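Everything on this sheet refers to the single structure shown next.
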Amino acid sequence: MKRIPGNLKIKAYHAITSEKVRQIGNSYKTCLIGGNSCAKAISSHSVPVSALKTIAHVGHVYTFQSPTYDELNNIYATCKYHPKLLGIKKASTYYGFCNIHDDSIFSEIEKFDIHPTNKQVFLFHFRAYSRTLYQNINGDIALREIYNTKIPFGQESIDARLKIASYFKPQEAAFLDLSNNYERMKLCLEAKKNPMLSSIFIRINCIPDVMCSAILSPVYDFEGNFLLPLLIENELDFCQTMSITISKDSTGGFILLSWNDDDILTGSFIKTFIKSGFDFNRLIAIIFGNTENFFFDERWWHSLDDERRNLLMYFASVTFLSIADLSQDHWQLMYRTLVNNQKKYVNWQILSIDQIKG
Ligand SMILES: [Zn+2]
């Protein structure tokens, strides 16, 4: 591991974490349904490979991967996170479930067209959620490994360990929330009950250039208004999450948003999304800024001009900037930029919209 310069403290810790997450990668292979009583989890796609194929160029799609130390420093220096090509065999994969569970749970959204039924809405939501949970399990393993490894900080090592330890609590809280939600969904699956989620399903006239299976925890609504003041104090303990799936089936491209109707934050986000007339361009900007596990067509990326690409790369960098530089509210800055620089990124036309209230 490289020696980290002393003037890059918080950034350095983040760099180490990022490096470790890369090393650990997909090391956890325990089935998220049956645990150790199942066979090892298999690598499966959270966005179907048949869909990724349609936006791949020579077998590759663009995405953002956990940055290397040098890439991270480049993000801090330029406020731009550069996407990289990834083979579609690897893109969107995670080791979530054993062969039997993977097949039995997801066949309804892999082998059939999407209408969607309540069950299909739930399965897309569950898949995005299970992948995020999986990422967090690996992140947690990485953090603990870093804590237990002797970091070559010399005299700074005590500070460094304390700094890393300070990440445990917020990470634990977020993780507990995630895993509690996940457990509830798992129980529903096992009882063969589909929890009623609210959803918006939009058919579009083309194959979407950007595809995803992502979780979003809205802190700003679609118009860039800060949402947290809407909550009463104890509600802050729960993160409110919605899922966004953009993919295709044999009929064509679709966008599916699903959320729990009781959630005030996601509800406000959705209301303003509807009010915008289902503005896909802003949705793309928000996906770049707030989520991961999205993939895009190389030809689409290069069809955008520098200004658009720079904006999207800036949005994608904000997760890192907000951790490394506490002197500014990077999220607020991002939303201000996003709202004041409305751009056209995609040319998707709506064919039909189905809204279900949970
Ligand atoms: Zn299993």
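The values are calculated or read from the model by the stated rules, or taken from the named source; none is laboratory data. Predicted model, so just to flag it, every value in this text is computed and none were measured. Using ideal geometry, Cβ is built from the backbone for each residue, glycine included, and neighbour counts are taken over all protein chains shown.
A few remarks follow.
- Hits in region 31-73 - residues which are within 16 Å of the ligand (Cβ to nearest atom), touching a residue at least 12 places away in the same chain (Cβ under 8 Å) and not small (Gly, Ala, Ser): CYS31, LEU32, ILE33, CYS38, LYS40, ILE42
- Taken over region 298-312, the residue count meeting the criterion of being in contact with a helix residue (DSSP H, G or I) (Cβ under 9 Å, 6 or more places away or on another chain) and buried (at least 16 other Cβ atoms within 10 Å of the Cβ) is 5.
- When ILE75, ILE88, ILE42 are screened for being modelled with pLDDT of 95 or more and out of contact with any Gly (no Cβ under 7 Å at 6 or more places or on another chain), only ILE42 passes.
- In region 314-358, the qualifying residues are those that are of a type in the set (A, V, I, L, M, F, W, C) and in contact with a Cys (Cβ under 8 Å, 6 or more places away or on another chain), and the one that is modelled with the highest pLDDT is TRP348.
- Scanning region 93-125 for residues that are touching a residue at least 40 places away in the same chain (Cβ under 8 Å), within 16 Å of the ligand (Cβ to nearest atom) and not hydrophobic (A, V, I, L, M, F, W, C) yields TYR94, TYR95, GLY96, ASN99, HIS101, ASP102.
- Residue match in region 77-92 (condition: within 16 Å of the ligand (Cβ to nearest atom), in a helix (DSSP H, G or I) and more than 22 Å from the chain's Cα centre (by Cα)): no
- Within region 286-295, the set of residues being of a type outside the set (Gly, Ala, Ser) and assigned to a helix (DSSP H, G or I) comprises ILE286, ILE287, PHE288, ASN290.
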